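In what follows, a structure is listed as structure tokens, so that the remarks can point back to it.
The values are calculated or read from the model by the stated rules, or taken from the named source; none is laboratory data. Please read all numbers here as calculations on a predicted model, not as lab measurements. Here the Cβ positions follow ideal geometry from the backbone for every residue, glycine too, while neighbour counts run over all protein chains shown. Accessible surface areas use protein heavy atoms only, side chains included; no ligands, DNA or RNA. Shrake-Rupley method; radii C 1.70, N 1.55, O 1.52, S 1.80 Å.
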Amino acid sequence: MPHFILEHSANLPIETEALVSQVQQFACASGLFDPTSVKTRAVAFEHFQLGDGKQGFIHLQIHMMAGRTLEQKQMLTEGTLKLLLAKVGEHFALSVHCYDLLSDIYRKN
């Protein structure tokens, strides 16, 4: 925990492995998580349509246990959005969202 999930178009101008690594490094350096617990992964979409004329997209989902402040979540979303923008540029639709996982119902082994 947490899980950083990059959903993206398959036409990124950066190697997916490098992007995953950079998001992982950002998450570990944020000071909000035990670095040994951060998990980052990516899923590419070959087929997509965008209504805004952009060449591709990245949507970053951040799933973490509930309890972080609004300011901490804003730091994560703003920081990762800046990172993504620096890596792929303005020609890609970019979005980031934090999701709280509830300890009462979240399970893992």
**Asked** From the list (i) 6.5; (ii) 7.6; (iii) 10.9, can you say which value of mean projected area of the Cα convex hull in nm² was derived from the structure given?
**Response** (ii)
**Item:** Neighbour net charge for residue 100 - beta-carbon separation under 11 angstrom, K R +1, D E -1
**Value:** +2
**Message:** Per DSSP helix of 4 or more residues, -39500 (n - 2.57); summed, then divided by the residues of the chain. What does that give at 222 nm, rounded to the nearest 500?
**Reply:** -10000 deg cm²/dmol
**Complete:** Cross-link reach from residue 82 to lysines, straight Cα distance under 26 Å and at least 8 residues apart if same chain, gives 39, 54, 73
**Request:** Considering only DSSP beta bridges where both residues belong to the chain, give the percentage that are antiparallel (nearest 5).
**Result:** 25 percent
**Item:** For the chain, accessible area per residue (1.4 Å probe, heavy atoms of protein chains only), Å²
**Value:** 60 Å²
**Message:** Taking 35 Å as R0, compute the FRET efficiency from the Cβ-Cβ separation of residue 82 and residue 34 and round it to 0.05.
**Reply:** 0.90
**Fill in**
So, relative contact order of the chain in percent, Cα under 8 Å, 6 or more apart, is 35 percent
**Asked** Counting only protein heavy atoms and using a 1.4 Å probe, what share of the accessible area of the chain belongs to carbon plus sulfur, as a whole percent?
**Response** 53 percent
